[in-house]
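**Q** Mind looking over this structure? Questions follow.
The values are calculated or read from the model by the stated rules, or taken from the named source; none is laboratory data. Just so we're clear, the structure is a prediction, and the values are computed from it rather than from any experiment. So basically every Cβ, Gly included, is an ideal-geometry build from the backbone, and we count neighbours across all protein chains shown.
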Amino acid sequence: MTFPVLLHVGPLTLHPHLVFETLGYAIGYLVYRALRARTQDPIPEKTRWIVLTAAAVGAAFGSRVVYWLDDPALTWAHRDEFAFWLGGKSIVGGLLGGWLAVEWAKRRAGETRATGDLYVVPLALGLALGRIGCFLTGLADHTYGIPTTLPWGVDFGDGIRRHPTQIYESLFALGVAALAYRIGKTRAWPAGVLFLAFVIAYLLYRVALETIKPGPFFYAGLDGIQVVALLAAAYAAWRLLRLVRPPGEPG
């Protein structure tokens with residue numbers, strides 16, 4: 001296999017990252033619409049559009065901030081390059097940026113109900129598809145793992161067999177989507193629990209996954225993504241405990 005794996009559709013030659021990222025957005029949205037119709041969502045359509053818009057803007061900004069923080073030396077070295085500031089993205093940053101923006105937008109709109117549960121399955125499916133594009137892009141995407149002797153190690157073009165961490169993450173996301181779908185059908189938990197559990201699971205998974213990626217580990221043996229993920233997971237866990245703790249139970 002030669003990377004990047006370009007996709008040919010009729011006379012067009014398409015980059016895999018663009019194709020699978022677009023598929024992730026499109027399929028995620030279609031699944032969201034189907035789930036919303038099936039669950040008789042109590043959140044008004046106008047509020048849902050406010051939430052989606054805020055999530056998109058927040059994710060775009062957050063994904064870049066965490067990318068800049070992940071390697072401060074690289075960011076500083078390219079500080080005068082406008083293209084760099086518009087470049088790389090972090091899924092962890094996108095998730096957290098979108099979450100924060102939604103919380104702000106809901107407060108402005110006077111919406112106090114939890115809105116995140118409906119997005120868990122679409123987010124997980126979109127992530128799974130997007131990471132396939134990262135894998136097919138190869139070394140240029142900078143999402144590969146460290147060298148490995150395991151039989152499924154992949155040579156992305158530099159003669160070194162590496163952990164296909166993009167595929168690991170894609171499989172993890174598919175598993176999360178299946179589990180979240182099953183749990184969501186039961187409606188056994190208070191609104192908001194499913195989303196917070198997803199956030200915690202994904203962030204802790206990323207902390208673990210980063211240990212088999214090249215780094216740089218700039219923050220006392222951790223990389224920027226791990227630091228941000230740990231802090232955000234702790235906050236999400238606090239929010240989750242507040243949600244599931246029976247009224248009147250001491251904290």
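**Q** Here are Trp104, Trp68, Trp99: which of them is at pLDDT 90 or above and either hydroxyl-bearing (Ser, Thr, Tyr) or farther than 26 Å from Phe217 by Cβ (or both)? Steps first, please.
**A** Details: Trp68 fails: either hydroxyl-bearing (Ser, Thr, Tyr) or farther than 26 Å from Phe217 by Cβ (or both); Trp99 fails: either hydroxyl-bearing (Ser, Thr, Tyr) or farther than 26 Å from Phe217 by Cβ (or both).
None of the other options fit; the residue is Trp104.
**Q** Could you tell me whether Arg206 is modelled with pLDDT of 95 or more, part of a helix (DSSP H, G or I) and either of a type in the set (Phe, Trp, Tyr) or over 22 Å from Thr22 (Cβ atoms) (or both)?
**A** Working: modelled with pLDDT of 95 or more: yes; part of a helix (DSSP H, G or I): yes; either of a type in the set (Phe, Trp, Tyr) or over 22 Å from Thr22 (Cβ atoms) (or both): yes.
Against the criterion (modelled with pLDDT of 95 or more, part of a helix (DSSP H, G or I) and either of a type in the set (Phe, Trp, Tyr) or over 22 Å from Thr22 (Cβ atoms) (or both)), Arg206 qualifies.
**Q** In addition: Return the residue satisfying two criteria in turn: it lies in region 100-116 and is closer than 23 Å to Leu35 by Cβ and among the small types (Gly, Ala, Ser), and of such residues it is surrounded by the fewest Cβ atoms within 10 Å (Cβ to Cβ).
**A** Ala109
**Q** Further question on the same structure: Which one is farthest from the chain's Cα centre (by Cα) among residues in region 184-206 that are surrounded by fewer than 16 Cβ atoms within 10 Å (Cβ to Cβ) and of a type in the set (A, V, I, L, M)?
**A** By that ranking, first place goes to Ala188.
**Q** Further, regarding this structure: Residue by residue through region 159-197, note down the ones that are modelled with pLDDT of 95 or more and charged (D, E, K, R).
**A** Arg161, Arg162, Glu169
**Q** Quick one: is Leu123 surrounded by 23 or more Cβ atoms within 10 Å (Cβ to Cβ), out of contact with any helix residue (DSSP H, G or I) (no Cβ under 6 Å at 6 or more places or on another chain) and not in a loop (DSSP other than H, G, I, E, B)? Talk me through it step by step, then tell me what you get.
**A** On the way: surrounded by 23 or more Cβ atoms within 10 Å (Cβ to Cβ): yes; out of contact with any helix residue (DSSP H, G or I) (no Cβ under 6 Å at 6 or more places or on another chain): yes; not in a loop (DSSP other than H, G, I, E, B): yes.
Yes: the conditions hold for Leu123.
**Q** Pull up region 207-232, narrow it to residues that are hydrophobic (A, V, I, L, M, F, W, C), in contact with a Phe, Trp or Tyr (Cβ under 9 Å, 6 or more places away or on another chain) and more than 22 Å from Gly138 (Cα to Cα), then point me to the one that is surrounded by the most Cβ atoms within 10 Å (Cβ to Cβ).
**A** Among those residues, the one meeting the criterion is Ala229.
**Q** Exactly one condition in (1) crowded, with 16+ Cβ neighbours inside 10 Å; (2) closer than 20 Å to Ala177 by Cβ; (3) in contact (Cβ under 8 Å) with a residue 24 or more places away in the chain is false for Arg64; which is it?
**A** If we test Arg64 against (1) crowded, with 16+ Cβ neighbours inside 10 Å; (2) closer than 20 Å to Ala177 by Cβ; (3) in contact (Cβ under 8 Å) with a residue 24 or more places away in the chain, just (2) comes out false.
**Q** Name the pairs whose Cβ atoms lie under 7 Å apart, with the first residue in region 153-182 and assigned to a strand (DSSP E or B), the second crowded, with 20+ Cβ neighbours inside 10 Å and among the hydroxyl-bearing types (Ser, Thr, Tyr), and 6 or more positions between them or separate chains?
**A** Listed pairs, sorted by first residue: Arg162/Tyr144.
**Q** Right, something else. Of the residues Val19, Val9, which is crowded, with 17+ Cβ neighbours inside 10 Å, out of contact with any helix residue (DSSP H, G or I) (no Cβ under 6 Å at 6 or more places or on another chain) and farther than 28 Å from Ala232 by Cα?
**A** Val19
**Q** Looking at region 201-218, I want the residues that are over 14 Å from Leu69 (Cβ atoms) and of a type in the set (S, T, N, Q) and have a partner that is modelled with pLDDT under 95 and loosely packed, with under 15 Cβ neighbours inside 10 Å with Cβ atoms under 6 Å, at least 6 apart or on another chain. Which pairs are those?
**A** none
**Q** Please report, ordered by residue number, the helices (runs of 4 or more DSSP H) entirely within region 9-114 with at least 3 residues that are of a type in the set (Phe, Trp, Tyr).
**A** Details: elements: 16-39, 45-70, 72-77, 82-85, 91-109.
Hits in region 9-114: 16-39, 45-70, 82-85.
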